[in-house]
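The values are calculated or read from the model by the stated rules, or taken from the named source; none is laboratory data. Remember, it's a predicted structure, so these values are computed and weren't measured experimentally. In this analysis, Cβ positions are derived from the backbone assuming ideal geometry, glycine residues included, and neighbour counts consider all displayed protein chains.
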Amino acid sequence: MSNFSPTTWIFITAFGGAGVMLPVAAAIALWLIVGRTWRSAIAWSGLLMIGIALVIVTKIAFLGWGVGIRSLDFTGISGHSMLATAVLPAAVFLGTRSVPVVLRLTMLIVGLVASAIISVSRLAVDAHSVSEVIAGFALGAAVSLGWIIWAAPNKLNVTAPVSRWLVAVSLIGLTISLHGYHARTHRWVTQIAVYLSGHDRPFVRARWKAHQAPILSQTRYLK
């Protein structure tokens, strides 16, 4: 896919992992609390948790019971795509408060483009199908843009003596410093799915598409 090497795509896709995006999401909530914008912090956290819950439910449904859409090759919403598209635009929006509207919208688009590239990387590393990536991107966009549309009228006036540059640098620094940290979320979800379903092994894509019984996953890249 494109002229990027497999190593480059793996580097890109690592930014969308839970080990990176969840701490950044927590930092967003923390800065909102520091700025005494409690309602925005609650709204942000609530919307993100809904997005995460939907990802987990679809993954458990497939891994435990083989619930998916064969015609679309859909076995669950892409968590990387959802998290990246939920967190990055929100981080950009928070870090560019009080700047001219045109620049803020431009940076928001940059955040969405970065999220789209991370989403495409899930296809490049053969971790998800097109339908799963699209679903993840759409859900993440609903989370971030939903929160931004709700928060924008309040202008996120952080009344505490905190510079927007400090917020922006902290979020960027956290994202970069955590790159490469891999949280074992897919393994945990798989274990939960197997436990709840009572099966010995989880369903996997290849045998599910062939209408066969579940077998231990041998995927090349953890989702």
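Checking each residue in the stretch 2-49 for being farther than 24 Å from L166 by Cβ, surrounded by 14 or more Cβ atoms within 10 Å (Cβ to Cβ) and of a type in the set (S, T, Y) picks out only T13. Among residues of the stretch 147-163 that are closer than 15 Å to L30 by Cβ, those with a beta-carbon under 7 Å from a residue that is at pLDDT 75 or above and loosely packed, with under 14 Cβ neighbours inside 10 Å at least six positions away or on a different chain give the pairs A160/R36. Scanning the stretch 154-172 for residues that are loosely packed, with under 12 Cβ neighbours inside 10 Å and at pLDDT 85 or above gives a single hit, W165. Within the stretch 13-25, residues that are at pLDDT 95 or above have Cβ atoms under 9 Å from residues that are surrounded by 21 or more Cβ atoms within 10 Å (Cβ to Cβ) and among the charged types (D, E, K, R) in these pairs: T13/R122; G16/R122, counting only partners at least 6 apart in sequence or on another chain.
Comparison of S98, S144, S119, S115 shows that the only residue that is in contact (Cβ under 8 Å) with a residue 12 or more places away in the chain and at positive phi is S98.
The residue that is farthest from A18 (Cα to Cα), counting only those in the stretch 65-85 that are at pLDDT 95 or above and small (G, A, S), is G76. When S40, S78, S5 are checked against the criterion of being in contact (Cβ under 8 Å) with a residue 40 or more places away in the chain, farther than 25 Å from A193 by Cα and of a type in the set (S, T, N, Q), a single residue qualifies: S40. Test I118 against the criterion of being surrounded by 21 or more Cβ atoms within 10 Å (Cβ to Cβ) and in contact with a helix residue (DSSP H, G or I) (Cβ under 8 Å, 6 or more places away or on another chain), and give yes or no. For I118, the condition - surrounded by 21 or more Cβ atoms within 10 Å (Cβ to Cβ) and in contact with a helix residue (DSSP H, G or I) (Cβ under 8 Å, 6 or more places away or on another chain) - is met. Of everything listed in (1) within 20 Å of V24 (Cβ to Cβ); (2) touching a strand residue (DSSP E or B) at 6+ places or on another chain (Cβ under 9 Å), the single unmet condition for V143 is (2).
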